[in-house]
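Q: Let me give you the structure first, and then I'll get to my questions.
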Amino acid sequence: MSAGFATVSVASILVETARRMPTNVALVVGPTETTYAELWQQTRQYAGALRDRGVGPGTPVAMLIPNVADFPRVYYAVLALGGVVVPIHALLKAKEIEYVLRDSGAQLLVCAAPLLGEGAKGATLAGVPVISVLLPEASPELPARLEDEARASVPIETYVQRDPFDTATILYTSGTTGTPKGAEGSHLALVEQVNVSLLTTFDMRADDRVLGALPLFHTFGQTCTMNTVFRAGATLVMVPKFTGDTALQVMNEQKCTIFMGVPTMYIALLDAASRSTDRPPLRYGISGGAAIPVAVIDRFREQFGTEIHEGYGLTETSPVATFNMVGVPPRPGTIGTPIWGVDVEIADAEVDDRIVLLPAGELGELVIRGHNLMNGYHNRPEDTAKVMVDGWFRTGDLGRKDDDGYLTIVDRTKDMILRNGYNVYPREVEEVLARHPEIQMVAVYGVPHETHGQEIVASVVLVADARATVDELLEFVRDDVAAYKYPRHLEIVEVLPLGPSGKVLKRELVAAWVAREESSVSH
């Protein structure tokens, strides 16, 4: 299949840094520090045990592990053997885990003790063997412990080189429609993503300390945080379970210089900052995963004295496609410019079978091509063909590109609300509400309506001790948006439903609204 003789492996990220900077601290988890030399030694032992279990080039191995040192150990061990890593969302239930194991063809599940409840059930349903990490002691009723098998095995010497387009990871997209699809990431796309991030996108050095609160089973945490930090020889400070207070405390104690998070994490940090005067020596923050309100960027600058650089990407693009490059003043409200070697353009969203590019300033669908694209969806040629058109990946996101090449996301095509024939983009309304000083978080979404087609609803979480009323908030937003756009219903809620990667799950808000309406009609 290969067109040449070049080889590459994601495993080289850890191996090369362990050779060049063996004494640098790779990981901090609680009180435990692990150097690069130690991490590679532990990984070699894990790989020896996995090799004894038949893992080799092309073997898919699933892993269900939270943000602890065992995540990188298992991840790089599988890749060093030439295997394919299939990380599983830590919040999935047994049937969902079974689906991922069957769909990916995983030959083995490495599962952390706290997640064995659902993990072992899912593996039994799929008929896949399980090996555990973090179990306090061996017992005949529980899966074998990888730590024990690693001690008994012969460590591997080095990593297996792969063809650049061999699949390294299969990451399941939390699809809003139908069953999740496994996006295959190649060794080339993942390694190139990290190199480009370090050279021309982020500014990260070996003496940086980066807070790793993003889940590592997700592409943002895995590639932008773990792989990029390890390539730089910097230190990854892990937080197994994120809360704003924990993150702020750990960043202060560990003197973190870079924070990476999704917008909900920045909102939680700002909330924590209202209860503490200590601030870490942050150089900047990186935000992705969803649009971050400009008001949050402004508040963060006031509280932490530094900028948030927003970027954009998807699991299918390894993930970063555009970024407000560090070193250039960021333009809040934009997702920056395309990263090195990648094209991001705006295409006509109405034309399905080919790519029709639109001029600067016009609204259309973001399309992407470059070294960062996935190999395709695992065993789904039809789904791959739908999103890969004329060599471009169709994102399903609507946006514009200005004359300077800066891109702005207006919204997901599927989040767009159609009210009385007018397009309403929830993000525009969210930006206005987010400026209200008593609003901490906001989600705007469309619900079915028999005369208007869809009606606009806002759910907001207020800051502590807020006194704002629903009527005041509606008045606040009505002053700033056109009559067809403002929410006709606004509800104040305690919390918004969040997915595993920290995104607000609007479909759950819509479903809850519809269920309430139906029950009020039936009474």
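Q: Using the Kirkwood formula over every pair of different C-alpha atoms, what hydrodynamic radius in Å results for region 318-388?
A: 13.9
Q: Pairs of lysine in the chain with Cα under 21 Å and at least 8 positions apart or on different chains: total?
A: Step by step, the pairs that qualify in the chain add up to 19.
Q: Using every Cα-Cα pair within region 94-213, state what percent have a distance larger than 20 Å.
A: That fraction is 63 percent.
Q: Could you compute the FRET efficiency for LYS414 and ASP148, with r as their C-beta to C-beta distance and R0 at 60 Å, rounded to 0.05?
A: 0.80
Q: Which listed residue (GLY361, TYR75, PHE202) has the Cα farthest towards the positive end of the charge dipole for the chain, taking +1 on Lys and Arg C-beta and -1 on Asp and Glu C-beta about the Cα centre?
A: In the chain, that residue is TYR75.
Q: Residue by residue, what Karplus-based ³J(HN,Hα) values in Hz, rounded to whole numbers, does region 431-442 have, using 6.51, -1.76 and 1.60 with θ = phi - 60° and x for Gly and Pro?
A: Taking θ as phi minus 60°, the curve returns 4, 5, 4, 5, 6, 5, x, 9, 9, 8, 9, 8 Hz for region 431-442.
Q: If the viscosity is 1.002 mPa s and the temperature 20 °C, what Stokes-Einstein diffusion coefficient in µm²/s follows for region 417-522 when Rh is the Kirkwood radius over Cα pairs?
A: Translational D for this selection: 150 µm²/s.
Q: Using the reciprocal of the averaged 1/r over all distinct C-alpha pairs, how large is the Kirkwood radius of region 57-163 in Å?
A: 14.0
Q: Shifting gears a bit: Let's test the formula: R0 of 51 Å, r as the Cβ-Cβ distance of GLU253 and SER139. What FRET efficiency results, to the nearest 0.05?
A: 0.90
Q: Sorted from largest to smallest, which semi-axis lengths in Å does the alpha carbon gyration tensor of region 268-409 give for its equivalent ellipsoid, taking the root of 5 times each eigenvalue?
A: Values for region 268-409, descending: 33, 17, 13 Å.
Q: Which residues' amide hydrogens lie under 5 Å from the amide hydrogen of ARG283, considering only partners 5 or more residues apart or on another chain, with H built in the peptide plane?
A: ILE258
Q: Let me ask something else. What's the local net charge at ASP298, with K and R +1, D and E -1, over the other residues with C-beta under 11 Å away?
A: +1
Q: Any idea what log10 I(q)/I(0) is at q = 0.07, 0.09 Å⁻¹ for the chain, Debye with uniform C-alpha scatterers and no solvent?
A: -0.39, -0.66
Q: In which sequence would MET388, MET251 go, from the one with the fewest C-beta neighbours within 10 Å to the one with the most?
A: Sorted ascending by nearby Cβ count, the order is MET388, MET251.
Q: Per the helix-only calculation at 222 nm, which mean residue ellipticity applies to the chain, given -39500 (n - 2.57) for every DSSP H run of n ≥ 4 and division by its residues, nearest 500 deg cm²/dmol?
A: The helix contribution divided over the chain gives -9000 deg cm²/dmol.
Q: Compute, for the chain, the length of the dipole vector about the Cα centre, with Cβ point charges of +1 (Lys, Arg) and -1 (Asp, Glu) only. Units Debye, rounded to 20.
A: Charge dipole of the chain: 1120 debye, to the nearest 20.
Q: Another question, if that's okay. Report, in whole Å, the centroid distance computed from the Cα atoms of region 458-523 and region 353-393.
A: 33
Q: Can you list residues from other chains, or at least 5 along the same chain, whose modelled amide H is less than 5 Å from the amide H of ASP397?
A: Correct list: LEU366, THR413.
Q: Among ASP465, ASP52, ASP415, which comes first, then next, by fewest other beta-carbon atoms within 10 Å?
A: With the sparsest Cβ surroundings first, the list reads ASP465, ASP52, ASP415.
Q: By counting other Cβ atoms within 10 Å of each Cβ, how are THR173, THR201 ranked from fewest to most?
A: Ranking THR173, THR201 by Cβ neighbours within 10 Å, fewest first, gives THR173, THR201.
Q: Semi-axes of the equivalent ellipsoid of region 274-342: what are they in whole Å, largest first, if each equals the square root of 5 times a C-alpha gyration tensor eigenvalue?
A: Working through the eigenvalues yields semi-axes of 24, 12, 11 Å.
Q: With a cut-off of at most 16 other beta carbons within 10 Å, and DSSP calling the residue loop, which GluC sites (Glu not before Pro) in region 128-212 qualify? Please list them.
A: GLU137, GLU141, GLU157
Q: Then there's this: Please identify every one of the chymotrypsin sites (Phe, Trp or Tyr not before Pro) in region 168-237 that sits in a loop by DSSP and has no more than 12 other beta carbons within 10 Å of its own beta carbon.
A: Sites meeting the loop and neighbour criteria: none at all.
Q: Next question, about the same structure. Using amide H atoms built 1.01 Å from N in the peptide plane, name the residues 5+ places from ILE335, or on other chains, whose amide H lies under 5 Å from its own.
A: Hits under the 5 Å cutoff: LEU407, THR408, ILE409.
Q: Related question: Any idea what angle helix 187-196 forms with the longest principal axis of the chain, computed on alpha-carbon atoms, 0 to 90 degrees, nearest 10?
A: With rounding to tens, the tilt is 60 degrees.
Q: Also: Apply the Karplus parameterisation 6.51 cos²θ - 1.76 cosθ + 1.60, with θ equal to phi minus 60°, to every residue of region 472-480 and state each ³J(HN,Hα) to the nearest whole Hz, in sequence, with x for glycine and proline.
A: Once rounded to whole Hz, the list reads 4, 5, 4, 4, 4, 7, 5, 5, 10.
Q: May I ask you to evaluate 6.51 cos²θ - 1.76 cosθ + 1.60, the Karplus curve with θ = phi - 60°, for each residue of region 59-74 and list the ³J(HN,Hα) values in order in whole Hz, giving x for glycine and proline?
A: 3J(HN,Hα) across region 59-74, in whole Hz: 6, x, 10, 8, 9, 10, 9, x, 7, 9, 4, 5, 4, x, 4, 6.
Q: Now for a separate question. Round to the nearest 10 and give me the degree value, 0 to 90, for the angle of helix 116-126's Cα axis relative to the longest principal axis of the chain.
A: 80
None of the figures in this text is laboratory data; all of them are computed from the coordinates on show. Only a predicted model underlies this, so the values are computations on that prediction, with no experimental measurement involved. Positions of Cβ are backbone-derived with ideal geometry, glycine not excepted, and every protein chain shown enters the neighbour counts.
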